[in-house]
Amino acid sequence: MITLFIGGHGRCDESITCTVPKNISIKWFGKQGNPVTKAYSSAVLNGDHQIMSGLSSSDYPPCEHFCCESLAVENEERAKAFQKGRWNKNTYLVQAKPDFFVPLSKIMAYAQQKWSGQKIEIKWAVCRSSVNYSGIIKHDFQANQALEVNRDSTAPSQSPPQVVGNADGAIFVEKWNGVMSFTNYGGVSEKQLKKVTGAKKFGVFHEY
């Protein structure tokens, strides 16, 4: 079994269908249409929170989701949380590279090609914020407990401005080894620097 944690920022679009192959299953930790905090995402990545919120992909096929870019320092922090978990050598963390927005369908196609013939479990550890409507709650993790709290902002998320056709080359893939991350997540791209002042709008510093 190959396990892929999805990190970065996340969004979903209910108007786009997404077929899940038979050899792939998805575990959702946040409810569709709603964001998660950094504490919640980190708790999923390091194993402190393992209870799903939401329905299984086998019974309820999902709409299209997107793994979205974030700043290098945030990629590194998520990688550190992931490496603190008690996983195994077949566990990986996937995050979008700067300036890329990668559909779940493309990540699944990448995984099928890379680990051909194996069963793959995807664990979506980040936001499922809708681009069509506003979720009224966000998932948080405090005092070793998962919580649902009212959102301070209820606008729909912005649709991804550009979407890749192939995940290969658009994602960081980090393998779990239980030690400090050695992946080079680079620096802040020029495009990202231009929108730092609008970081809250994009959820860069606030929610995963």
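The values are calculated or read from the model by the stated rules, or taken from the named source; none is laboratory data. Nothing here was measured: the structure is a model prediction, and the numbers come from that model. Reconstructed Cβ throughout: ideal geometry from the backbone, glycine too, with neighbour counts over all protein chains shown.
Mind checking whether some residue in the range 83-90 is assigned to a loop (DSSP other than H, G, I, E, B), touching a Phe, Trp or Tyr at 6+ places or on another chain (Cβ under 8 Å), among the basic types (Lys, Arg) and under 23 Å from Gly178 (Cβ atoms)?
Yes, that holds for at least one residue.
Which condition number does Val73 fail, the rest of (1) surrounded by 16 or more Cβ atoms within 10 Å (Cβ to Cβ); (2) modelled with pLDDT under 95; (3) in a helix (DSSP H, G or I) being met?
Exception for Val73: condition (1).
If Arg86 passes every condition in (1) closer than 25 Å to Asp168 by Cα; (2) surrounded by fewer than 17 Cβ atoms within 10 Å (Cβ to Cβ); (3) over 16 Å from the mean Cα position of the chain (by Cα) but one, which one does it miss?
Condition not satisfied by Arg86: (1).
If only one of Asp152, Asp140, Asp99 is touching a Phe, Trp or Tyr at 6+ places or on another chain (Cβ under 6 Å), surrounded by fewer than 21 Cβ atoms within 10 Å (Cβ to Cβ) and more than 20 Å from Pro62 (Cβ to Cβ), which one is it?
Checking each option against the conditions leaves just Asp140.
When residues of the range 1-26 are filtered for being farther than 16 Å from Phe82 by Cα and in contact with a strand residue (DSSP E or B) (Cβ under 8 Å, 6 or more places away or on another chain), how many remain?
15
Looking at the range 169-198, which of the residues that are over 17 Å from Lys89 (Cα atoms), small (Gly, Ala, Ser) and exposed (fewer than 14 other Cβ atoms within 10 Å of the Cβ) is modelled with the lowest pLDDT?
Per the stated criteria, the residue is Gly198.
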